[in-house]
Amino acid sequence: MEKNPQNRVRLRPVDLARPHGLSTQAVRNYEKAGILPAAARTESGYRTYSPLHAQALDTFLALLPGHGHPTATGIMRAVNRGAADEAFRLIDESHAQLLEDRRTLSAVENALRDLGSGVPEPGAPEPGDPAPGTPAPPEGPTSAPTFIGPLAGRLSVRPATLRKWEAAGLVRPRRDPLTGYRVYGEAEVRDARLVHQLRRGGHLLEQIAPLVDRVRAAGGLEPLEAALGDWRSRLAGRGRALLTGSAKLDAYLGERERGR
């Protein structure tokens, strides 16, 4: 007796494609990529699919929002060739990435919260900084230009640390054309404060770089604060999508096991 009678049901490529608004070529491409199990062939050479193929397609499309195309493809390929452990590893990696993204969001939120509470008053200048009272070149009506020593004092870091951040592209002070001193305007002070808070949170410089770029692209901290809500919503959506994809994949795995 056949273990799974539904496998005798013959479906055409269009039967799989139509419910999802796909083309029949897309279905054939998914089969070629290993996302779907290999189709049976009629005596005339036409592809025929079963409800299991339809379920595989449903599963893949459910995995896409949470995992993205490359990982979702890798998961389905692994499952279809019987390498479930590899599929589970890929799923674990997606969950780990989501957790890391959540931690990054939390670090940015904490950094912005700390920045909003202000910083200590300027400390004493470091050796080699401009002498006290040296005027900084004007930079705009609302900016407060400063030199490397005073800024380092405000952040309780050494000037060498600020130079290291500059070499990594995280802070971009301009140079005074007459003295060659580094001059930190409003935007550069903002970037240095953000880097400082994220470093205190344990983030590496290479992890901080894209966050500073976000601040620059947003035009400051206030627009970025508004964007954090959208960022949080997208992470929640990914989390929900991962759960939905896992449920579909579990059902597909069960159906494959019953059909053996």
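So the values come out like this:
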{"read-out": "Matching residues in region 184-204 - criterion: being under 15 Å from GLY169 (Cα atoms), charged (D, E, K, R) and out of contact with any Gly (no Cβ under 8 Å at 6 or more places or on another chain)", "value": "GLU188, ASP191, ARG193, ARG199"}
{"read-out": "One residue from ALA72, ALA17 being within 29 Å of the chain's Cα centre (by Cα) and on the phi < 0 side of the Ramachandran plot", "value": "ALA72"}
{"read-out": "Qualifying residue in region 52-61 (condition: among the acidic types (Asp, Glu), in a helix (DSSP H, G or I), assigned by TED's automatic domain parsing to the domain that holds VAL9 and in contact with a strand residue (DSSP E or B) (Cβ under 9 Å, 6 or more places away or on another chain))", "value": "no"}
{"read-out": "Any pair with Cβ under 8 angstrom, 6 or more apart, that starts in region 192-216 at a residue that is modelled with pLDDT under 80 and ends at one that is of a type in the set (Asp, Glu)", "value": "GLN197/ASP114; VAL215/ASP191; ARG216/ASP191"}
{"read-out": "Enumeration of residues in region 30-63 that are free of Cβ contacts under 8 Å to residues at least 40 places away in the same chain and either of a type in the set (A, V, I, L, M) or within 30 Å of LEU235 (Cα to Cα) (or both)", "value": "TYR30, ALA38, ALA39, ALA40, PHE60"}
{"read-out": "Residue identified as at pLDDT below 95, of a type outside the set (Phe, Trp, Tyr) and buried (at least 16 other Cβ atoms within 10 Å of the Cβ) among ARG41, ARG77, ARG47", "value": "ARG47"}
{"read-out": "In region 82-124, the residues that are modelled with pLDDT of 80 or more and in contact with a Gly (Cβ under 7 Å, 6 or more places away or on another chain)", "value": "LEU90, SER94, LEU98"}
{"read-out": "Number of the exception - LEU63 against (1) modelled with pLDDT of 95 or more; (2) surrounded by fewer than 15 Cβ atoms within 10 Å (Cβ to Cβ)", "value": "(2)"}
{"read-out": "Residues of region 10-51 satisfying the condition of being in a loop (DSSP other than H, G, I, E, B) and closer than 22 Å to ALA72 by Cα", "value": "GLY21, LEU22, SER23, ALA33, GLY34, ILE35, LEU36, PRO37, ALA38, ALA39, SER50"}
{"read-out": "Helices (runs of 4 or more DSSP H) completely within region 149-260 that count 1 or more residues being out of contact with any helix residue (DSSP H, G or I) (no Cβ under 8 Å at 6 or more places or on another chain) and under 30 Å from ALA54 (Cβ atoms)", "value": "221-258"}
{"read-out": "Options GLY82, GLY45: the member that is over 27 Å from the mean Cα position of the chain (by Cα) and closer than 29 Å to LEU99 by Cα", "value": "GLY82"}
{"read-out": "Selection status of ALA84, assigned by TED's automatic domain parsing to the domain that holds SER246 and under 21 Å from LEU16 (Cβ atoms)", "value": "no"}
{"read-out": "Residue among GLY229, GLY185, GLY149 that is at pLDDT 85 or above and either within 22 Å of LEU112 (Cα to Cα) or acidic (Asp, Glu) (or both)", "value": "GLY185"}
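The values are calculated or read from the model by the stated rules, or taken from the named source; none is laboratory data. Note that the structure is predicted; figures quoted are calculated from it, not measured. All Cβ positions, glycine included, derive from the backbone under ideal geometry; neighbour counts span all protein chains shown.
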